[in-house]
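Just below is one structure, and these are the notes that go with it.
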Amino acid sequence: MTAVRTKGSLRRRLLLQLLLVAAILSVALYFTVRALAQQAAETTQDNILIASATAISEAVRAERGQILVDVPYSALSMLGSIAEERVFYRITADDLTVTGYDDLPAPSATFDAGNPVFATAIYREDEVRIAALPRRLTVGDETVILTVLVAQTRLGLAAVSLQISIAAAAAGIGFFVLSGALSWFATNNAMRPLNRLAQSVARRGPQDLSPVETSAPTELVPLLQSLNTFMGRLSASLARTEDFIAEAAHHVRTPLATVRTQSEIAMRSVRKPENKQILREVIRAADESSRSAGQLLDHAMVALRSDNLEKERLNVKELAQDVIRSISPTADLKDIRITCSGSDTIGSVEGDPILLQNALQNLLDNAVKYSPEDSVIKVEILQSGSSVRVDVIDEGRGLGDGDRKHLTERFGRGDNVRDIIGSGLGLTIVEEVMRAHGGTLELSDNPEKRGTCASISLPLA
Ligand SMILES: Nc1ncnc2c1ncn2[C@@H]1O[C@H](COP(=O)(O)OP(=O)(O)OP(=O)(O)O)[C@@H](O)[C@H]1O
Ligand SMILES: [Mg+2]
């Protein structure tokens, strides 16, 4: 499996962005709710102040050139109903205080009779809200501007404001939590088509290079199209490589077979022993080249198929019997008997039948090749633990004294087999097939007599 470098996560990115938006909206909500609620509280206070000022203003009259004020109790009591607030008033006639607190500051705006003016100021160390209600009053022959100023501290409003802020903050947090949950659902929902596509690609067999045909959202269509184009190209290239391997084998072997046949024919007409020897060497070289070409191409085929392993459930005993059947004509030439033993209840394995047959073929080919005439080759299939083992035991010349690891290396051959044609690729192929299937190859001596025991183990399906 190739390592894919991960860089960020779409899901995380989307989620973070949605959460960021939710956070900004929550803060905006907090400030909006707070501002609106405070404005509402201020408006309420202003309304009471103006009601009070109106009541006082209506109680002012002019009599015989005198301004008479009789501040009604209700005018100030409506303000006093708000707990702990202090109330101040002042009545002025053309800037001269008629009654009340004469240091109560008047709003600096220009007065328009009948229209109240509001201001917020610090008075006697507390913040106060002042409402000023001007009106025209005729005193004797003159008309004066009578202004009623009513002020109230804002201590209660500060408490209300704190409560409002807490409520607004709670609303903001609630909104954020809710949007967070919704963002999470939305992100998962948005990612679903991507996951579905990934699953549908992952579910396919490694050999399945047909186009992906799931429906996908518009944004994924270009990716899907490129994937399908790529698969098409890969599939064509694999097919070309397989064809090439088959063709190459044919092209190499056919002329070699001709060389061999022609040499054998020539051998019959040649008298001189040295010429016969030359022809014998030609035949051997042709055989060796043919074997090498065959094994090299088999090796290429194994490497290709191992990369795209197409697994199916296989019965190892049946597989072994097929291979024995195909090799028995060669074994018969040397009067070699091949026996096959193994219980029918042995579990199956998962693998590519062509590759596994090729591996068994190589083991049996060695056993036949390196065994003397009139001997027995035993193929024993047994289940040990969670794997199936196939032992190919012969009565041949054995593995020799050299390094046994070298025998499974590419082109590695024993010193005791120089007289027999071989390319040294058979066991390399077996090892590669085992590696692709999670199995192992082991070489040991025949436990009973002279000879070799070559074993492969494959995990049970
Ligand atoms: N059954 C066996 N008896 C004796 N020696 C064996 C046996 N199997 C393998 N060997 C040794 O291991 C070496 C490697 O085997 P491998 O099958 O890879 O190559 P090869 O048989 O020489 O050539 P080829 O690629 O044509 O099969 C052989 O050359 C031989 O020395
Ligand atoms: Mg071999």
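The values are calculated or read from the model by the stated rules, or taken from the named source; none is laboratory data. Computed from a predicted structure; not experimentally measured. Here the Cβ positions follow ideal geometry from the backbone for every residue, glycine too, while neighbour counts run over all protein chains shown.
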Is at least one residue of the range 436-457 in contact with an Asp or Glu (Cβ under 6 Å, 6 or more places away or on another chain), among the polar types (S, T, N, Q) and either crowded, with 20+ Cβ neighbours inside 10 Å or closer than 18 Å to Val349 by Cβ (or both)?
yes
Going through the range 190-234 one residue at a time, which ones are in contact (Cβ under 8 Å) with a residue 60 or more places away in the chain and part of a loop (DSSP other than H, G, I, E, B)?
Gly205, Pro206, Gln207
In the range 367-397, the residues that are touching a residue at least 60 places away in the same chain (Cβ under 8 Å), crowded, with 16+ Cβ neighbours inside 10 Å and more than 17 Å from Lys449 (Cβ to Cβ):
Ile381, Ser387, Val388, Arg389, Val390
Answer yes or no: is there a residue in the range 398-412 that is over 40 Å from the mean Cα position of the chain (by Cα), in contact (Cβ under 8 Å) with a residue 12 or more places away in the chain, more than 12 Å from ligand 1 (Cβ to nearest atom) and assigned by TED's automatic domain parsing to the domain that holds Lys449.
no
Could you pull out the residue among Ser9, Ser26 that is more than 30 Å from Arg129 (Cβ to Cβ), hydroxyl-bearing (Ser, Thr, Tyr) and touching a residue at least 12 places away in the same chain (Cβ under 8 Å)?
Ser26
Ala359 within 16 Å of ligand 2 (Cβ to nearest atom), assigned to a helix (DSSP H, G or I) and out of contact with any helix residue (DSSP H, G or I) (no Cβ under 7 Å at 6 or more places or on another chain):
no
Single residue of the range 422-442 satisfying the filter (part of a loop (DSSP other than H, G, I, E, B) and not polar (S, T, N, Q)) that is farthest from ligand 2 (Cβ to nearest atom):
Gly438
Can you tell me which of (1) at pLDDT 90 or above; (2) within 16 Å of ligand 2 (Cβ to nearest atom); (3) over 25 Å from Pro372 (Cβ atoms) is the one Leu296 doesn't meet?
(1)
Would a scan of the range 374-394 turn up a residue that is within 11 Å of ligand 1 (Cβ to nearest atom), basic (Lys, Arg) and assigned by TED's automatic domain parsing to the domain that holds Glu431?
no
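Among the candidates Asp419, Asp445, which residue alone is within 15 Å of ligand 2 (Cβ to nearest atom) and either in contact with a helix residue (DSSP H, G or I) (Cβ under 7 Å, 6 or more places away or on another chain) or not assigned by TED's automatic domain parsing to the domain that holds Arg280 (or both)?
Numbers: Asp445 fails: within 15 Å of ligand 2 (Cβ to nearest atom).
Being within 15 Å of ligand 2 (Cβ to nearest atom) and either in contact with a helix residue (DSSP H, G or I) (Cβ under 7 Å, 6 or more places away or on another chain) or not assigned by TED's automatic domain parsing to the domain that holds Arg280 (or both) holds for just one of Asp419, Asp445, which is Asp419.
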Could you check Asn416 against (1) in contact with a Gly (Cβ under 6 Å, 6 or more places away or on another chain); (2) surrounded by 21 or more Cβ atoms within 10 Å (Cβ to Cβ); (3) more than 16 Å from Ser292 (Cα to Cα) and say which number it fails?
(2)
Residues within the range 413-442 that are charged (D, E, K, R) and near ligand 1 (Cβ under 7 Å from one of its atoms), tallied
1
Taking the range 57-82 and keeping only residues that are closer than 24 Å to Gly140 by Cβ, in contact with a Leu (Cβ under 8 Å, 6 or more places away or on another chain) and assigned to a helix (DSSP H, G or I), one is left with Ser57
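Tell me yes or no: at least one residue of the range 353-365 is touching a Lys or Arg at 6+ places or on another chain (Cβ under 6 Å), surrounded by 13 or more Cβ atoms within 10 Å (Cβ to Cβ) and either under 28 Å from Ala300 (Cβ atoms) or charged (D, E, K, R) (or both).
So in the range 353-365, the residues touching a Lys or Arg at 6+ places or on another chain (Cβ under 6 Å) come out as 355.
Narrowing the set further to residues that are surrounded by 13 or more Cβ atoms within 10 Å (Cβ to Cβ) leaves 355.
Right, trim to either under 28 Å from Ala300 (Cβ atoms) or charged (D, E, K, R) (or both) and you get 355.
For the range 353-365, residues touching a Lys or Arg at 6+ places or on another chain (Cβ under 6 Å), surrounded by 13 or more Cβ atoms within 10 Å (Cβ to Cβ) and either under 28 Å from Ala300 (Cβ atoms) or charged (D, E, K, R) (or both): present.
From the list Arg313, Arg305, Arg271, which residue is basic (Lys, Arg), more than 16 Å from ligand 1 (Cβ to nearest atom), exposed (fewer than 12 other Cβ atoms within 10 Å of the Cβ) and under 30 Å from Ser210 (Cα atoms)?
Exactly one of Arg313, Arg305, Arg271 is basic (Lys, Arg), more than 16 Å from ligand 1 (Cβ to nearest atom), exposed (fewer than 12 other Cβ atoms within 10 Å of the Cβ) and under 30 Å from Ser210 (Cα atoms), namely Arg313.
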For residues in the range 362-378 being within 16 Å of ligand 2 (Cβ to nearest atom), over 43 Å from the mean Cα position of the chain (by Cα) and not small (Gly, Ala, Ser), which is nearest to Glu432 (Cα to Cα)?
Leu363
Tell me, which residue of the range 321-351 that is over 12 Å from Leu382 (Cα atoms) and in contact (Cβ under 8 Å) with a residue 60 or more places away in the chain is surrounded by the fewest Cβ atoms within 10 Å (Cβ to Cβ)?
Glu350
Return the residue satisfying two criteria in turn: it lies in the range 237-269 and is hydrophobic (A, V, I, L, M, F, W, C) and modelled with pLDDT under 90, and of such residues it is farthest from Leu304 (Cα to Cα).
Val252
